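Written below as structure tokens is the structure these notes are about.
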Amino acid sequence: MNAEPDDTRPAGVRAADAPAGTPARFADELIRPFVVGTISVLTLIQLVEHPPVRLPWLTWGVVVVAIATGVAPSILPWRRLSGRMQMTLVSVFMAAGAVSFSLAKDTAAPALVLLASVTAGEKLVSRRAAFTIVGAGTAATATVSWVSTSLHLPHESPWWVSLIVCLPLYIGLARRERADALAIADLAARQSRRAAASEAREAALEERGRIAREIHDVLGHALSGIAVQLDMADALYAAGRGQDANEAVRRARALAVSGIGETRRAIHALREDTLPLPETIARIAHGSTAGFEVRGEPGEVRVEVAQAVIRAAQEAITNAHRHAPGAEVRLLLDYTDRLIRLTVTDTGTAGARPNHSGGGMGLVGMRERAGLLGGALYAGPTEPPAPGWTVRLELPR
């Protein structure tokens, strides 16, 4: 008999594979052993109290075989058995139950063949095999019942009553379909939980990387500059150039102050990530008395892109206040289909300006970050005849 499955369940998903605590495992571990055990005990007690008059050894033999094969699906590692072994056990269970249906009519043994029909529908992967075994068992039950009636053996029911043996098959099939559905739902829930946990871990790692980049950009540059200035001061003192050494120490202090300011701005920017980007830029502009305008349709942008825009806005405003005190500063956040563009202009002098701040984290750092994100940053005089300075950052959305 072909042992290949012909049902439509997803590969690898079976009721027997359901985790402990699911209804399928509950039925396997408690309900089935209880039902089989109860029927078996009642049958044995009834056979002891009322021994069969005719064919006693055959009656005892088929009953014991039916009980043993009926208990097998509950005590054996069923899913580890081969398909051929599973069909063999169910076939023997069905055959022994079919014979006991007539030979042990006055006991609970007839229920064994009904339970065998349920087992075939519930436990066999191949529906074709289940229908074949139950069909053969039904025919065998009807034949044994007819022979028992012809030989005048103790059997009160007519032979056609045995045709009800096939009906429990549909109960078994329904139980298996329900168990499979529960197993699939449980598998989907576990996969969803694993996917959510994986996404959370990925988001945490991404956030940690972003914070690490902020710390490197801000503190790394500032501390490196401070170390260089202090080393220079030490060398100047050793050379007897005290005035130059003091100047190097003052530059180191200026770097430290600038680094503290940059750190505060970075922390502020990290906290503002929970707000929409236009609102964050609007707060930055309002805090520095700068004008602000949004064009296009704001939408979702990547965290790295939003962070770069925020830092560029802060850096451009700081440079404008440093190099053009009192100048009017305006910010324009422009959304297009593919790009997000931040333009910061001021009305100060159009002369050359340094492209870095005192802390070492200026427009050079912004250019590097823009390049890593696939964008570009422009900083230079505003196109004539308008005076002033323009900083423009373009990043892909």
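Taking θ as phi - 60°, what are the ³J(HN,Hα) couplings along segment 317-330 by the Karplus curve (6.51, -1.76, 1.60), each to the nearest whole Hz, with x for Gly and Pro?
Result, ordered by residue: 5, 4, 5, 5, 5, 6, 9, 9, x, x, 6, 7, 10, 10 Hz.
Assuming R0 = 45 Å, what is the FRET efficiency of Ala254 and Thr336, from their Cβ-Cβ distance, to the nearest 0.05?
With a Förster radius of 45 Å, E is 0.70.
Over the heavy atoms of Met87, what accessible area does a 1.4 Å probe trace out, to the nearest 10 Å²?
Ignoring ligands and nucleic acids, Met87 comes out at about 10 Å².
Leaving ligands, DNA and RNA out of it, work out the accessible area of Tyr237 with a 1.4 Å probe and give it in Å² to the nearest 10.
Surface open to solvent at Tyr237 totals about 120 Å².
Please compute the per residue accessible area over segment 185-267 with all protein chains in place, 1.4 Å probe, rounded to a whole number of Å². Mind showing how you got there, number by number?
Details: 5480 Å² over 83 residues.
Accessible area per residue, segment 185-267: 66 Å².
May I ask you to compute the full-extension gain from Thr88 to Val41, defined as 0.36 nm times their residue separation minus their alpha-carbon distance, rounded to one decimal in nm?
Working: separation 47, 0.36 × 47 = 16.92 nm, distance 2.41 nm.
Going from the current span to full extension adds 14.5 nm.
If each residue of separation counts as 0.36 nm, what is the full-extension length gain between Ala139 and Ala196 once their alpha-carbon separation is subtracted?
Taking 0.36 nm per residue and subtracting the Cα distance, the gain is 15.2 nm.
With a 1.4 Å probe and all protein chains kept in place, how much accessible area does Val257 have, in Å² rounded to the nearest 10?
80 Å²
With a point put 7 Å past each Cα toward its Cβ, work out how far Trp78 is from Thr289 in nm, to one decimal.
Placing both labels 7 Å beyond Cα along the Cβ direction yields 8.2 nm.
Treat each spin label as a single point 7 Å out from the Cα along the C-beta direction, and report the Phe34 to His50 distance in nm.
Simple spin-label model gives 2.7 nm for this pair.
The values are calculated or read from the model by the stated rules, or taken from the named source; none is laboratory data. What you see is a predicted model; the values in this text were computed from it and never measured. Neighbour counts are summed over all protein chains in view; Cβ atoms, including those assigned to glycine, are modelled from backbone coordinates with ideal geometry. Surface accessibility is based on the protein's heavy atoms, side chains included, excluding ligands, DNA and RNA. Shrake-Rupley method; radii C 1.70, N 1.55, O 1.52, S 1.80 Å.
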